[in-house]
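Right, one structure below, let's go through it.
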Amino acid sequence: MLSANLDALFDVGLISFGDDGTMMVADVLTQPERVALSIPSSLTRKPNAKLKGYLQFHREHVFQGR
C-alpha cells in the first residue's frame with residue numbers, strides 16, 4: 001500500500017514501478033519537488049505476476065517517463 005502522496009503521484013503518472021518493484025520517478029519532478037512531496041530515494045516491493053501486467057500497462061500508458 002502506498003502513502004496518500006505516493007498514490008496520487010502514481011495516479012497521475014509521476015511515479016511508476018518496474019517489474020522488479022523498483023520505483024521510477026518522472027524526470028519532470030525536480031529534486032526540491034521530490035523532497036517536498038516526500039518521495040523516497042528508493043522503494044522496492046516485489047510485484048506478483050498479475051501486478052506486473054498492470055504495472056507494464058501503467059508504464060506504457062500513464063507514466064510520464066524519463
With (1) in contact (Cβ under 8 Å) with a residue 12 or more places away in the chain; (2) more than 16 Å from Glu60 (Cα to Cα); (3) in contact with a Ser or Thr (Cβ under 9 Å, 6 or more places away or on another chain); (4) of a type outside the set (Ser, Thr, Tyr) as the list, and Leu37 as the residue in question, which single condition is left unmet? (3)
Which number in (1) surrounded by 13 or more Cβ atoms within 10 Å (Cβ to Cβ); (2) without any contact (Cβ under 8 Å) to a residue 12 or more places away in the chain marks the one condition that Asp7 misses? (1)
Scan of segment 10-34 for residues that are within 12 Å of Arg59 (Cβ to Cβ), among the polar types (S, T, N, Q) and without any contact (Cβ under 8 Å) to a residue 24 or more places away in the chain, ordered by number: Thr22
Do we have Ser42 as hydroxyl-bearing (Ser, Thr, Tyr) and touching a strand residue (DSSP E or B) at 6+ places or on another chain (Cβ under 8 Å) here? yes
Run Ala26 past the list (1) closer than 16 Å to Ser3 by Cα; (2) surrounded by 11 or more Cβ atoms within 10 Å (Cβ to Cβ) and report the number of the one that doesn't hold. (1)
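No lab work stands behind these numbers, since they all come straight from the coordinates. As the structure is a prediction and not an experimental result, all values here were calculated from the model. Positions of Cβ are backbone-derived with ideal geometry, glycine not excepted, and every protein chain shown enters the neighbour counts.
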